[in-house]
């Protein structure tokens, strides 16, 4: 059997490691338009800020492909799929046939329709080459404007700040990190950036890029003009579904998958940032473009492609992200507006800490932890396992919260690998 | 695989497990030297919970389906295919704390001095977990397949 995987990032690794646990004979072919050994995409901001070297960015050891008997087709883009003939077509005219196919093409940056995008030093920031190009161009003392204060823009700001660049973030929403933080949380985090001289402008976005050959600045929709030597477009990512256009594979925002990661077409699977799978908290399909999700979806796809039936209970958004000594961990629904959610929260300005729990019908459905992040996984576990938190809800904000506040039976069941009776 | 289990009924909360965990992961492997001579005492790799009269320590469960390994953004967190022990390669770890986010046991500790994840390695170097060896009341047990209570 030949398994073809389009994409060479973490979902691919999840799939290959799952396949090779049980199947050492099937052929595996990995196609990627990049030429790098599998590397950690989330580390590009660390690389930008000189916090890790390029060598340290490899995600699996150098013999990963050889050891797992993976044939690589790198530096060539897969441009289309013939799902009836079961072939992937490459940009160089070649075709590769498959018995099972995994589409793990990730995301691509959202580019707003503004004037002047073709100028030099307009960047995106999701891949290694983006980081290299930006690092080359961003000189100490130069000015950078980042359009978008989400996860990508936030980490780009940190990396550029480490390089001694004067950074301004322009965010359309009323706060940075608006998909994971509420107003209180964002304000706390914004202060850390602003204390370092990073400027944050909210409620507006770029209208026009100014300059001749090179970027010189941006004109904002609010009429203000900013100087910039580099402009980073970090509005977000969308699933990179180009390769499945003109096929019968169903797409909504991403490629629709069931809980085995199978698409609407037999023998074709999708995983990672390109896939739209089940979100157990919003109870519908959703793209959750985060690293852990990509590994786990890839793994499930891997098992199912070799006939081992495993299914995914569902995922929900979760992030651990920081700026220098400001760390935050968030998961699930963090800023609901409806009254059906109960909010339990505590802010401590002296310790610069914030804890917020979102409860719905005696279940934890989300949380924000800023600076007091230790043991955050306990809460992630409560969400994932849909645990009834009634017996210990009143202790959630305790500094020493732990299993000790759980009823003895459930604590022992969890800690001693016992079945709950 | 063999793991460390706790009998909370007989834990007296003396915290010697923590002391010897630190010692076991120190340079000198000696309790006095570890506490007196090392410029930076190692971060403990276990969690102690206490709400009198109940207390217990908690170590990494070395999960079969370890979420920390799958979620690690750098590939630092690995599960040994033969022994099942989950360890963090601190040369690769960047202290992003994604493992802290996903560990349902809250068993991964932040070593903030070195900005790396600190977790139980079952005292791989010594052969036997120091917390178990030095528990004065045998509240900690190193056994295969859980314990009966």
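The values are calculated or read from the model by the stated rules, or taken from the named source; none is laboratory data. Just so we're clear, the structure is a prediction, and the values are computed from it rather than from any experiment. For neighbour counting, all protein chains shown are included, and Cβ atoms are generated from backbone atoms with ideal geometry for every residue, glycine included.
Quick grid of which residues meet (1) within 16 Å of residue B:89 (Cβ to Cβ); (2) at pLDDT 95 or above; (3) over 23 Å from the mean Cα position of the chain (by Cα):
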| site | (1), (2), (3) |
| --- | --- |
| A:16 | no, yes, no |
| A:25 | no, yes, yes |
| A:30 | no, yes, no |
| A:34 | no, yes, no |
| A:40 | yes, yes, no |
| A:46 | yes, yes, no |
| A:52 | yes, yes, no |
| A:61 | yes, yes, no |
| A:65 | no, yes, yes |
I'm checking my understanding of the structure. Among residues of the range B:124-139 that are at pLDDT below 95 and within 13 Å of the chain's Cα centre (by Cα), which one is nearest to residue B:90 (Cα to Cα)? B:124
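For the range A:371-382, state whether one or more residues are more than 8 Å from chain B (Cβ to nearest Cβ) and more than 27 Å from residue B:65 (Cβ to Cβ). Explain how you work it out, then say what you get.
Restricting attention to the range A:371-382, the residues satisfying the condition of being more than 8 Å from chain B (Cβ to nearest Cβ) are A:371-372, A:379, A:382.
If we keep only those that are more than 27 Å from residue B:65 (Cβ to Cβ) as well, we get A:371-372.
Within the range A:371-382 (the criterion being more than 8 Å from chain B (Cβ to nearest Cβ) and more than 27 Å from residue B:65 (Cβ to Cβ)), the answer is yes, since at least one residue qualifies.
Looking at the structure I just gave you, is residue B:99 assigned by TED's automatic domain parsing to the domain that holds residue B:26 and at pLDDT 95 or above? Can you show your working first?
Working: assigned by TED's automatic domain parsing to the domain that holds residue B:26: no; at pLDDT 95 or above: yes.
For residue B:99, the condition - assigned by TED's automatic domain parsing to the domain that holds residue B:26 and at pLDDT 95 or above - is not met.
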Looking at (1) under 30 Å from residue A:264 (Cβ atoms); (2) under 23 Å from the mean Cα position of the chain (by Cα), which is the only condition residue A:95 fails? (2)
Failed criterion for residue A:140 (all others in (1) in a helix (DSSP H, G or I); (2) more than 16 Å from residue A:237 (Cβ to Cβ); (3) out of contact with any strand residue (DSSP E or B) (no Cβ under 7 Å at 6 or more places or on another chain) hold): (1)
Mind listing just one residue for me: the one in the range A:1-39 that is free of Cβ contacts under 8 Å to residues at least 40 places away in the same chain and part of a loop (DSSP other than H, G, I, E, B) and, of those, farthest from residue A:155 (Cα to Cα)? A:25
Flag for residue A:344 being within 14 Å of chain B (Cβ to nearest Cβ) and in contact (Cβ under 8 Å) with a residue 12 or more places away in the chain: no
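Yes/no matrix, rows are residues, columns are (1) assigned by TED's automatic domain parsing to the domain that holds residue B:135; (2) out of contact with any helix residue (DSSP H, G or I) (no Cβ under 8 Å at 6 or more places or on another chain):
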site: B:9; (1), (2): yes, yes
site: B:36; (1), (2): yes, yes
site: B:51; (1), (2): yes, no
site: B:74; (1), (2): no, no
site: B:81; (1), (2): no, yes
site: B:85; (1), (2): no, yes
site: B:92; (1), (2): no, no
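Do we find that residue A:393 is away from every other protein chain (no Cβ under 14 Å) and either closer than 23 Å to residue A:191 by Cα or out of contact with any strand residue (DSSP E or B) (no Cβ under 9 Å at 6 or more places or on another chain) (or both) in this structure?
For residue A:393, the condition - away from every other protein chain (no Cβ under 14 Å) and either closer than 23 Å to residue A:191 by Cα or out of contact with any strand residue (DSSP E or B) (no Cβ under 9 Å at 6 or more places or on another chain) (or both) - is not met.
In the range A:40-86, which residue that is away from chain B (no Cβ under 14 Å) and out of contact with any strand residue (DSSP E or B) (no Cβ under 9 Å at 6 or more places or on another chain) is nearest to residue A:155 (Cα to Cα)?
Per the stated criteria, the residue is A:66.
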Residue A:147: in contact with a strand residue (DSSP E or B) (Cβ under 8 Å, 6 or more places away or on another chain), crowded, with 23+ Cβ neighbours inside 10 Å and under 18 Å from residue A:215 (Cβ atoms), yes or no? yes
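Only one residue in A:156, A:173 is buried (at least 21 other Cβ atoms within 10 Å of the Cβ) and under 23 Å from the mean Cα position of the chain (by Cα), so which one is that?
Going through A:156, A:173 in turn, the sole match is A:156.
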Taking the criterion of being surrounded by fewer than 20 Cβ atoms within 10 Å (Cβ to Cβ), at pLDDT below 95 and within 14 Å of chain B (Cβ to nearest Cβ), would at least one residue in the range A:325-333 satisfy it? yes
Whichever residue in the range A:112-137 is part of a helix (DSSP H, G or I) and within 17 Å of the chain's Cα centre (by Cα) and, among such residues, is farthest from residue A:44 (Cα to Cα): A:130
Only one of these is under 26 Å from residue A:355 (Cβ atoms) and within 11 Å of another protein chain (Cβ to nearest Cβ): A:318, A:280, A:296. Name it. A:318
